[in-house]
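Below is one structure; the comments refer to it alone.
Read-outs throughout are calculated quantities, based only on the coordinates presented, and are distinct from any laboratory measurement. Quick caveat: nothing in here was measured; it's all calculated off a predicted structure. Methodologically, a virtual Cβ is constructed for each residue, glycine included, from the backbone with ideal geometry; neighbour enumeration extends over all protein chains shown.
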Amino acid sequence: MKILKFGGTSVGSAENINKVISILEQQSKDTNIAVVVSAVGGITDKLLEAANLACNKDLEYKQTYNAIWSQHSKVIEGLFENSDHDKNLKKSHEALYDLISEKLNELKSLLDGIYLINELSPKTKDKLLSFGEALSSTIIYHTLKSRQVDVAYKNAQELIVTDSNFNNAIVNFEITNINIQLYFNSNSNAIVLLPGFVSKSVHGEITTLGRGGSDYTAAIIAAAIDADELQIWTDVSGMYTTNPKLVKQAAPIVELSYQEAVELSHFGAKVLYPPTVMPVLKKKIPIVIKNTLDPEALGTTITENTQPNGSPVKGISNIENIALLTLQGNGMVGVPGFGKRLFETLAQEKINIVLITQSSSEHSICFGISDNDAKRAKEVIDTVFEYEIQLLKIDPIIVETDLSIIAVIGDKMKNHQGISGKMFSTLGKNNVNIRAIAQGASERNISAIIHKNDVKKALNSLHEQFFEIKTKQINLFITGVGNVGERLIEQIHQQKSYLKENFKISLKIAGLSNSRTMVVNDDGINLKHWKQQLENGEKASLKGFLNHVKKLNLRNSVFVDITANDAVANIYGDYLKHSISVVACNKIACSGNIEYYNELKILSRQYNAAFLFETNVGAGLPVIDTLNHLVTSGDKINTIQAVLSGSLNFIFNNFNAETTFYDVVKQAQEEGYTEPDPRIDLSGIDVARKVLILARESGHALELSDLESDNFLTNDAMEAASVEDFFKTLIKDETYYQSLFKSAEDKNCQLKFVAEFNNGKAKVGLQEIPEGHPFYNLKGKDNIVMFYTQRYPEQPMIIKGAGAGADVTASGLFADIIRIANN
Ligand SMILES: Nc1ncnc2c1ncn2[C@@H]1O[C@H](COP(=O)(O)OP(=O)(O)O)[C@@H](O)[C@H]1O
Ligand SMILES: N[C@@H](CC(=O)OP(=O)(O)O)C(=O)O
């Protein structure tokens with residue numbers, strides 16, 4: 001015989017109940033089955049809600065009652081939708097409707113009573129809660145009957161006998177087992193249908209087995225009659241590696257031991273009510289967790305032994321709404337009895353302790369309990385230790401709320417070193433603060449208390465660490481989607497699957513912003529339609545974007561700045577402080593005031609978040625990365641010589657005796673090689689910023705004002721009030737610009753705008769470069785950087801290639817992102 005239990009979602013709609021019925025028909029072909037059903041999904045909560053409202057004299061309870069009515073009536077209508085064409089079916093439909101109305105009227109009277117007397121005792125609560133399962137089982141039984149299925153109905157209250165501990169009754173197995181055996185021995189129907197969760201005390205009062213207790217009903221029956229199998233049918237395909245609602249990558253665990261299942265269910269894997277395992281464990285009855293919505297899926301099988309070569313970590317669970325209480329004081333050290341008094345007090349108050357830790361100094365004891373019990377626990381403990389508190393031997397108990405427990409679970413963890421190391425380093429790397437830790441001597445469970453806002457991030461990072469070791473998800477938040485930003489998104493879109501397949505890096509753009517609008521999406525923005533999504537986004541704001549990123553609290557988050565805006569540069573610190581890495585092509589932060597640059601470097605180390613800006617110099621060329629490698633490996637930078645401006649190169653490569661300086665600059669402006677005001681490039685300020693960054697990265701604390709800048713533009717050009725006026729000065733001063741060209745040509749030299757760093761000093765300016773020099777033949781937008789170092793004293797290390805352009809800049813940003821992913 002097999003026992004099948006169907007949970008709230010499985011019986012939550014006519015559609016799902018029809019699925020349940022097909023499963024029953026299928027399974028009852030081979031063997032007799034007992035079927036335990038829960039209340040229709042959400043009804044137990046609604047019953048409680050209505051009762052609490054009524055008890056608080058809130059007439060809203062009538063609305064909740066009506067909602068309970070309509071939920072059941074919808075289910076019945078769905079199950080009997082064809083009854084108009086069939087006389088017998090119509091009769092069954094009407095009979096069922098009358099039965100359910102009768103029960104619901106009873107419920108109404110009970111709620112009205114609670115409203116009148118303004119009281120809700122645990123005993124009345126159980127009576128009220130029992131309606132959920134009574135209604136659902138009646139509906140399913142009569143539907144099965146109307147479809148000529150060979151089914152019997154048995155009220156579990158007549159079988160399961162408990163003490164009078166209402167809401168969480170303790171089963172009297174002696175009487176219960178006999179009741180169950182007697183009933184099933186004398187029954188011959190192919191299917192027996194029973195309501196779960198409900199029971200009766202030895203005195204005949206209605207009791208319940210605790211929230212989620214229908215699983216337990218099924219397990220009690222399975223153990224009493226030595227069933228071949230206990231099946232728990234729910235809305236997911238088994239017990240998952242972690243809560244599938246919080247971690248998308250969670251997957252069903254094929255096999256678990258009873259102990260592992262107990263640990264996982266205790267630690268929040270809601271799919272199985274923890275006491276369920278005990279009765280069947282003794283009889284070694286396998287438990288199979290199956291999905292009503294996908295009956296073919298394998299599910300999870302829980303037995304005594306699992307595969308010897310299975311993974312040491314089986315699952316990661318969490319318990320929400322935890323408060324951490326700390327009893328501490330010098331008076332506790334070496335004095336026996338504090339623990340006893342503390343825990344006795346909690347036991348008397350029926351306060352359940354979820355986790356305990358005590359430091360070996362004995363100076364403090366921490367324990368985790370449900371948030372709901374925290375206030376009461378503080379009151380009773382402070383009262384019990386009032387005398388010691390007065391004598392300042394101990395402090396009043398400290399209560400921290402809004403916490404959660406996360407736990408890594410697996411039978412074989414004890415045989416593997418390094419699991420707790422991995423667990424805590426993963427949490428640390430992701431900036432998850434750990435408030436307390438506990439590990440049982442069985443080493444089957446390592447638990448940590450963390451803030452509730454960090455749970456999703458913690459579960460996802462731990463899941464990645466233990467179950468997806470090979471893929472690392474990077475969550476990108478990009479601001480600035482002009483030319484370069486657009487190319488970066490295209491490149492990411494194109495490379496996504498390649499990176500995932502070959503490098504196990506999963507890139508997700510979770511946020512986009514320009515100066516007008518912004519959009520964030522936890523699931524990742526669809527890269528095919530990102531422009532529309534951004535356009536329809538909310539009004540952009542730097543703080544707003546930061547708040548979204550913080551609130552999402554995703555692991556491996558990276559803020560990518562593809563603007564040239566100082567306000568954006570000024571917010572990097574706020575990102576780093578939340579362990580969010582920053583990748584910038586914006587040069588302002590690194591070339592502005594040195595204090596800010598230093599602060600960002602410190603924050604990056606302190607919060608374990610990368611701050612990368614490779615594209616600040618030479619666009620996609622690996623200039624800064626190479627320089628960093630030289631410095632970190634102990635090399636000393638003596639001299640850097642570089643041509644770092646694509647626009648100035650373009651201008652001086654095209655300027656000669658046959659052209660005018662005006663025409664060339666105009667062309668450069670029109671073709672987008674320069675900023676709209678070409679003086680930003682021609683004045684050399686941009687080049688100065690770049691060499692300043694190289695000097696700083698070489699370890700020299702320079703400011704922009706320390707740089708020598710040899711400006712070749714005329715004073716009139718610099719002072720012109722508008723861009724138009726500036727161009728007029730070029731026409732007027734053509735002879736001067738020609739003289740620069742002529743002087744170089746006479747010496748067989750090329751004009752190049754050179755940046756130089758030497759002996760701690762940096763300068764930029766126009767130079768006449770002789771033939772044979774590596775700069776002489778520099779073409780188009782190319783940049784070149786030469787490093788003369790202790791290890792490269794005469795022949796410099798040279799990096800050369802396109803130093804401007806949307807594609808190469810985007811690929812430089814991409815390279816920084818990959819650096820973070822590989823770290
Ligand atoms: N580790 C886990 N494995 C599977 N489900 C989990 C886990 N942790 C939490 N859950 C949640 O438990 C739910 C099933 O439990 P529950 O709602 O009580 O089902 P039922 O109503 O069928 O008894 C799933 O929908 C899932 O969201
Ligand atoms: N209906 C009860 C008992 C139960 O087990 O429900 P479910 O199987 O839907 O978790 C509850 O909600 O607590």
Residue ranges of DSSP H helices in the chain that stretch 27 Å or more (Cα, own long axis) and have mean Kyte-Doolittle hydropathy of at least -1.0 are 61-79, 87-117, 122-146
Dimensions of the range 472-616 along principal axes (Cα, Å, largest first)?
41, 35, 28
For peptides 319-326, 133-140, sequence by mean Cβ density within 10 Å, most packed first
133-140, 319-326
Find which of GLY772, THR729, HIS463 sits farthest along the positive direction of the dipole of the chain, computed with +1 on the beta-carbon of Lys and Arg, -1 on that of Asp and Glu, about the Cα centre.
HIS463
Semi-axes of the equivalent ellipsoid of the range 15-123: what are they in whole Å, largest first, if each equals the square root of 5 times a C-alpha gyration tensor eigenvalue?
32, 18, 12
At a 10 angstrom cut-off on C-beta neighbours, averaged per residue, how do the peptides 695-706, 362-373, 581-592 rank from highest to lowest?
581-592, 362-373, 695-706
Test item: Cα-centred dipole of the chain, Lys/Arg +1 and Asp/Glu -1 on Cβ, debye
1780 debye
When the Debye formula is applied to the Cα atoms of the range 566-654, each taken as the same point scatterer, what base-10 log of I(q)/I(0) results at q = 0.13 Å⁻¹?
-0.53
Whole number please: convex hull volume per residue of the Cα set in the range 739-823, in Å³?
145 Å³
Highest mean packing first, using Cβ neighbours within 10 angstrom, the peptides 652-662, 476-486 sort as 476-486, 652-662
Fraction of alpha-carbon pairs in the range 298-381 farther than 22 Å apart, rounded to whole percent, equals 45 percent
Over the chain, what is the mean sequence separation of C-alpha contacts under 8 Å (at least six apart), divided by residue count, expressed as relative contact order in percent?
8 percent
Taking the Cα centre of each part, how many Å lie between the range 362-405 and the range 723-755?
79 Å
Run the quick spin-label model on TRP69 and ASN189: label points 7 Å from Cα toward the beta carbon, then report their separation in nm to one decimal.
3.0 nm
Relative contact order [Cα under 8 Å, 6+ residues apart], the range 501-650, whole percent:
14 percent
Per 0.36 nm of contour for each residue apart, how much would the distance between MET797 and SER515 grow if the chain were fully extended, relative to their Cα-Cα spacing?
97.5 nm
Can you say what percent of the DSSP beta bridges in the chain, counting only those with both residues inside, are antiparallel? Round to 5.
60 percent
Tell me, what are the semi-axes, in whole angstrom and largest first, of the equivalent ellipsoid of the range 623-804 as set by the roots of 5 times the Cα gyration tensor eigenvalues?
30, 18, 14
Note on the range 107-227: alpha-carbon gyration tensor, axes a ≥ b ≥ c; rule is a/c under 1.5 for rounded, else prolate if a/b larger than b/c, else oblate; result oblate
Would you work out the relative contact order for the range 586-672, in percent, from Cα pairs under 8 angstrom that are 6 or more residues apart?
14 percent
Give me the Debye-computed log₁₀ of I(q)/I(0) at q = 0.12, 0.19 Å⁻¹ for the range 315-450, equal point scatterers on Cα only, no solvent, two decimals.
-0.52, -1.11
Counting pairwise Cα distances across the range 2-235, what percent come out greater than 34 angstrom?
13 percent
State log₁₀ I(q)/I(0) for the chain at q = 0.07, 0.09 Å⁻¹ as given by the Debye formula over alpha-carbon point scatterers of equal weight, solvent excluded.
-0.72, -0.97
If one computes the Cα centroid of the range 513-550 and of the range 1-78, what distance in Å separates the two points?
41 Å
What net charge do the residues around GLU490 carry, taking every other residue with its C-beta under 13 Å from that of GLU490, with Lys and Arg at +1 and Asp and Glu at -1?
+2
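Apply 1/(1 + (r/R0)^6) to the Cβ-Cβ distance of TYR596 and GLU486, taking R0 = 22 Å, and write down the FRET efficiency to the nearest 0.05.
On the way: r = 29 Å, r/R0 = 1.30.
Efficiency at R0 = 22 Å is approximately 0.15.
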Taking the Cα centre of the range 672-744 as origin and charging only Cβ (+1 Lys, Arg; -1 Asp, Glu), how large is the dipole, in debye to the nearest 20?
200 debye
